[in-house]
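Notes to accompany the following structure.
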Amino acid sequence: MSGARARPARAASDLSNNTTRTLSEAIIAGLTCACPRCGRGKLFQGFLSLRPRCEACGLDYDFADSGDGPAVFIMLLGGAIVVAAALITEVKFQPPYWLHAVLWLPLILIVTLGPLRPMKGLMIALQFHHKAAEGRVQDADRH
């Protein structure tokens with residue numbers, strides 16, 4: 001995949017020092033785009049770009065890789081909302097096509113871009129809370 005950067009192995013101390021103790025604290029930290037460890041530092045430096053580390057507790061964000069998960073969830077949910085609203089409007093009122101464009105293009109932007117950042121923060125916070133890591137191949141004699 002082009003544009004993907006290699007991530008260093010996750011430090012064990014980054015995941016073991018988990019100060020957001022409960023799942024609800026992790027969810028709140030994620031939805032507010034705060035650091036998944038302390039809940040105080042900011043997670044993002046741009047719209048979807050992660051900071052290198054938390055300015056409050058120093059957690060290195062190199063472990064965070066939400067992938068396409070947030071975008072997929074939002075596209076499915078947002079698509080269902082917009083398509084349902086467009087179909088209901090078409091059946092009830094039969095507006096001209098230009099009115100469909102005026103109605104649904106802004107709604108598409110609102111229901112897709114609005115929740116994208118909090119959803120990415122949530123995925124990263126849950127990844128941290130559950131200590132999710134890449135799969136590792138174990139030796140057969142180490143079972």
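The values are calculated or read from the model by the stated rules, or taken from the named source; none is laboratory data. The shown structure was predicted, so the numbers you read here are calculated from the model rather than taken from an experiment. When we count neighbours, we look across all protein chains shown, and the Cβ atoms used for this are built from the backbone with ideal geometry, even at glycine.
Here are some notes:
- Restricting the first member to the range 20-48 and to residues that are in a strand (DSSP E or B), and the second to residues that are surrounded by 16 or more Cβ atoms within 10 Å (Cβ to Cβ) and among the hydrophobic types (A, V, I, L, M, F, W, C), the beta-carbon pairs closer than 6 Å and six or more apart or on different chains are 44/33.
- Considering (1) among the hydrophobic types (A, V, I, L, M, F, W, C); (2) without any contact (Cβ under 8 Å) to a residue 60 or more places away in the chain; (3) in contact with a helix residue (DSSP H, G or I) (Cβ under 9 Å, 6 or more places away or on another chain); (4) under 17 Å from residue 123 (Cα atoms), the lone condition that residue 81 does not fulfil carries the number (4).
- Hey, residue 111 β-branched (Val, Ile, Thr), under 23 Å from residue 69 (Cα atoms) and in contact with a Phe, Trp or Tyr (Cβ under 6 Å, 6 or more places away or on another chain) or not: no
- For the range 90-105, the set of residues classified as surrounded by 10 or more Cβ atoms within 10 Å (Cβ to Cβ) and either part of a helix (DSSP H, G or I) or modelled with pLDDT under 95 (or both) consists of 90, 99, 100, 101, 102, 103, 104, 105, listed by residue number.
- Candidate set from the range 53-83 (those that are more than 26 Å from residue 131 (Cα to Cα) and over 17 Å from the mean Cα position of the chain (by Cα)); member that is surrounded by the most Cβ atoms within 10 Å (Cβ to Cβ): 82
- Residue list for the range 106-133, restricted to those being part of a loop (DSSP other than H, G, I, E, B) and touching a residue at least 12 places away in the same chain (Cβ under 8 Å): 115, 131, 133
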